[in-house]
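Heads up, the thing below is written out as C-alpha cells.
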Amino acid sequence: MSPTVLISIDDAELSSSLLMELGKFDDITVCLPQDSNAGDAQMAVCWHPDPALLDKFPQIQCLHSAAAGVDHLGESLLASGLPVARIVDPDQKQGMLEYVLWCVLNHHRDFDRAVKNQAQQRWHLYPQLPANEVRVGVMGLGEIGAHVATGLAQFGYSVLGWSRRPKQLERVSTFSGPSEFTGFLEQVDVLVNLLPLNQATQGILNQSLFQALPKGACLVNTGRGGHLVEADLISALETGWLRSAVLDVFTVEPLPADHPLWTTEGVIVTPHMASSSSAAMIAHQVHQNVLRFIKDQPLLNTIDRTLGY
Ligand code: NDP
C-alpha cells in the first residue's frame, strides 16, 4: 500500500494547489480530513492545522510544515513528540532577499521621505550615502537569514548578523546570544527580523530593543507577528525614536481593517508576502520526506523540538 499524506491546511487555495501537486505522484496517496481514507494517513502536511489532528487521525506519525516556520502548528502538535519537518527552498530565500533589499533601499535612498514629501508637493534632496555607510542588522542567520545577510553584503551594505550560536559568514560581522545582543543592536540602521517564533523569541521586538537601536532606525519584520509588541512600536514611531517600519507579518492575519498599524505614520504594511514557496516545491519536499519516512530513512529539514525551530 502506498503511503498516505493528509492535507491539514486552513487556506483553501493552498490546500487545493497542494492536493493537485501531491496528486501528481503516483507512489503516494493524498487526502483531505473529510475523505474516507484520511484515517490511513501516516504524514500530515500542515498550515495552521486542526489542533485535534492527532486525536482524529491517530495513524499520523510525522508532521510536515508547508512553510519554513513551524510555529503555526501550535503548542500541542509541537509537543506531541512526532518528528516535524519544514520547507527549505532556494527560491524562497532569494524572494526574501529581494523583499529585504527593497526595504533597505527604501530607507537608504530616502524613498520613504520622497513619497511623504510628494504628498505635500515638497521638492527636497537628501544627501546620498554610499551603501557601505548603511548598517543592516539581520536577526536570525538560518537558512533564510544567512542568505539575506550575505546577499546584502554583496550589494555593498555593512551587514551585521545575530544568531543563537556563534556563526561565520563571509563579509558579515556576526554576534551571538543574549550577551552580544545590545552590542549588535547599537550598530544597526535597518534591523531585519528573520527569527523563528518560539518561547525564546516571542515579543523580542519591544521597547527595550527599540531603545537600544540608534535614533532614526528602521525596523523590518518578516519573521512573525508574535515577535512584535505592536504598542511599543507605535510608541517608538510616534516619539520619533524610530523612523519607519516595514511589517509583513501580524499577530492577527489578515490585519483587521480598524487596526492602528494601517494608519500609523512611518509604517508600511504588506500582506505576509515577503516570500513564499510554490505548491510544486512544497509537494516535492513532502513527497521526498514521506518516501524517506516509510523507508525508515532520516527526514530532511527536521526541527529540534526542544528548541522550537
Ligand atoms: P532557521 O530555523 O533556518 O533559522 C533560524 C535562525 O534564528 C538561526 O540562525 C538561529 O540561530 C536563530 N535563532 C533561533 N532562536 C534564536 C534565539 N533565541 N536567539 C538568537 N537567534 C536565534 O529559519 P529560516 O531561516 O528558515 O526561517 C526564519 C523565519 O522566517 C521562519 O521561522 C519564519 O517565521 C520566517 N519566514 C517568513 C516569511 C514571510 O513571508 N514573511 C517566509 C519564510 C520564512 P542558530 O543558527 O544559532 O541556530
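The values are calculated or read from the model by the stated rules, or taken from the named source; none is laboratory data. In this text, all values refer to a predicted model and were calculated from it rather than measured experimentally. Cβ coordinates were reconstructed from backbone atoms using ideal geometry, including for glycine residues, and neighbour counts include every protein chain displayed. The accessibility values were calculated without ligands, DNA or RNA, using every heavy atom of the protein model including side chains. Shrake-Rupley method; radii C 1.70, N 1.55, O 1.52, S 1.80 Å.
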So how far, in whole Å, is the C-alpha centre of the stretch 209-258 from the one of the stretch 127-172?
20
If you take the square roots of the eigenvalues of the alpha-carbon gyration tensor of the stretch 23-140 and sort them as a ≥ b ≥ c, do you get rounded (a/c under 1.5), prolate (a/b over b/c) or oblate?
prolate
Springs between alpha-carbon pairs under 10 angstrom, Gaussian network model over the chain: which of ILE294, ILE268, ILE204 fluctuates most?
ILE294
Computed E for ASP91/SER2 - FRET, C-beta separation, R0 25 angstrom, nearest 0.05:
0.35
I want to make sure I understand the PRE zone here: with the label point 7 angstrom from the Cα of ARG171 toward its beta carbon, which residues in the stretch 112-142 have backbone N atoms less than 11 Å away?
132
Extension length gain for SER80 and THR251 (0.36 nm per residue less Cα distance), in nm, is 59.2 nm
Angle between the Cα long axis of helix 143-154 and the longest principal axis of the chain, 0 to 90 degrees, nearest 10?
30
Would you tell me the accessible area of TRP262, worked out with a 1.4 angstrom probe on the heavy atoms of the protein chains, in Å² to the nearest 10?
120
Just the number, please: carbon plus sulfur as a percent of the accessible area of the stretch 168-219, 1.4 Å probe, no ligands or DNA/RNA counted.
45
Leaving out ligands, DNA and RNA, what percent of the accessible area of the stretch 52-158 is carbon and sulfur, probe 1.4 Å?
53
Lysines with Cα under 24 Å of LYS93, excluding same-chain neighbours fewer than 8 positions away:
LYS167
What number comes out for accessible area per residue over the chain if the probe is 1.4 Å? Units Å², please.
49
FRET efficiency, THR302 to ARG113 (Cβ-Cβ, R0 51 Å, nearest 0.05):
0.70
Run the quick spin-label model on LEU32 and SER179: label points 7 Å from Cα toward the beta carbon, then report their separation in nm to one decimal.
5.4
Ratio of the Cα radius of gyration of the chain to 2.2 N^0.38 Å, where N counts its residues:
1.08
Would you mind getting me the FRET efficiency between LEU105 and ALA200? Use the beta-carbon distance for r and R0 = 35 Å, nearest 0.05.
0.65
Could you check the spin-label model distance between ILE294 and ARG164? Points 7 Å from the Cα along Cα→Cβ, value in nm.
3.3
Please give the charge dipole size of the stretch 140-226, origin at the Cα centre, charges +1 on K and R Cβ atoms and -1 on D and E Cβ atoms. Round to the nearest 20 debye.
120
Taking the Cα centre of the chain as the origin and placing charges on Cβ (Lys, Arg +1; Asp, Glu -1), which of PRO51, THR182, GLN121 is farthest toward the positive end of the dipole?
THR182
